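Remarks on the structure that follows.
The values are calculated or read from the model by the stated rules, or taken from the named source; none is laboratory data. Just so it is clear, the structure is predicted and the values come from calculations on it, not from any experiment. Backbone-built Cβ (ideal geometry, glycine too); neighbour counts: all protein chains shown. Remember, those area values only see protein heavy atoms, side chains included, never the ligands or the DNA or RNA. Shrake-Rupley method; radii C 1.70, N 1.55, O 1.52, S 1.80 Å.
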Amino acid sequence: MATPPSLSGLARLRALGERHRRILQGAYVAALAGALAIVFVPFLRGAVAERAQWAFQSVQIGWIERVERGEALVREGSYEEAIAYLEGLDARFPARVNRHSLDKERERILHGLGQSYEAMGRKRLTLETYRRAVGFDPRNVANHFALAAAALRLDEAEEARVHLEHVLQIDPSHLPALEAVIGLDFERGDFAGVSSRFESYLAAFRVHDEMEIRLGDTVVLVPIPIDGSARTVRAPIPVVEGATGLVIEPAHPGIEILGIEFEPRPRAGLVNSSALPGLPDGDPLRFALPAQEIVAVRLNVRTRVPIDPETWESVAASYRNRLDFDGLAAAEGRVLRFALDSGAEPTPRGER
């Protein structure tokens, strides 16, 4: 029966539904049965969940591989090609806000673009791109530092200072940011600012480093706070069959071992104590175990916080310019001066 032309759109749909009622009912029953099977049959529920997870992971891996392709172009120095590729990827990338499962990959795209724009001499796009990274995740220290480093290289010292300050607010122990901002302060003669920043760095909380104690194939990791002070650290030691010696190896060049004491099981007293000179050239120290079974090792250590020698010279000069020789002596006793090797993260600096 033909539908009269005067029927409304709703009437047309109703008439269409009546015409195909059995087909629609069959589809509804099939969909309902499938849904109930997924809910109440564990095997099917697990299979569907596994398939969905596999599909999600495949999509994620595909996006990550695209980001890696762009980063490879940057590493190769193919900057024009990298820009074209990463701009296209940036335009369609799914992570639009922080807390997305691919948010770190979004930042990798922006960092790769920033690096490529800078290599091609595109100052405005370089800074705009790093600013986008900062806006995407303002709590990410790496974003602020990347923008600050680029700003320094592109003679935008004030913008660099702003973001170096952000880095140090989030992480007061961030050494490259500290060295960069001390360089800026020293250049403009702000000696009080230099020494104040350095003292904040000394006082900053640091994640503990770890010292290795090895007995045969057994390794005990001992956390040591790198804060420029002396302390005694107790490390419980397991019983290791056949072990006759003990090897101690600091993982940080700023840890100096002053002495070691073995704590035996029968009593709380200490035996076989020995005062040692400073750790020579970072080499591991080897000791024979005492005859008694030991339950712990007590390490007398002194730690020093790291700083680049050039930055230390600025810090020391600032203390001297303020006639604060006591402050200089106290600070000097807590630092380890070292030169960054070729593989270390470069420290951005203005011209001196």
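Of note:
- Cα-based shape type of segment 83-151, given that a ≥ b ≥ c are square roots of the gyration tensor eigenvalues and the cut on a/c is 1.5: oblate
- In segment 115-201, the convex hull through the Cα atoms has an average projected area of 5.3 nm², a quarter of its surface area.
- Here the convex hull built on the C-alpha positions of segment 192-266 has a volume of 108 cubic angstrom per residue.
- Taking the three principal axes of the alpha carbon atoms in segment 45-202, the coordinate ranges are 66, 38, 22 Å, sorted in descending order.
- Percent accessible area from carbon and sulfur atoms, segment 186-269, protein chains only, probe 1.4 Å: 53 percent
- When each of the peptides 226-235, 190-199 is scored by the mean number of other C-beta atoms lying within 10 Å of its residues, the order from highest to lowest reads 190-199, 226-235.
- Surface per residue (accessible, 1.4 Å probe) for segment 148-245, Å²: 46 Å²
- Binned Cα-Cα distance frequencies in segment 179-230 - 10 Å width, integer %: 22, 30, 23, 15, 9, 2
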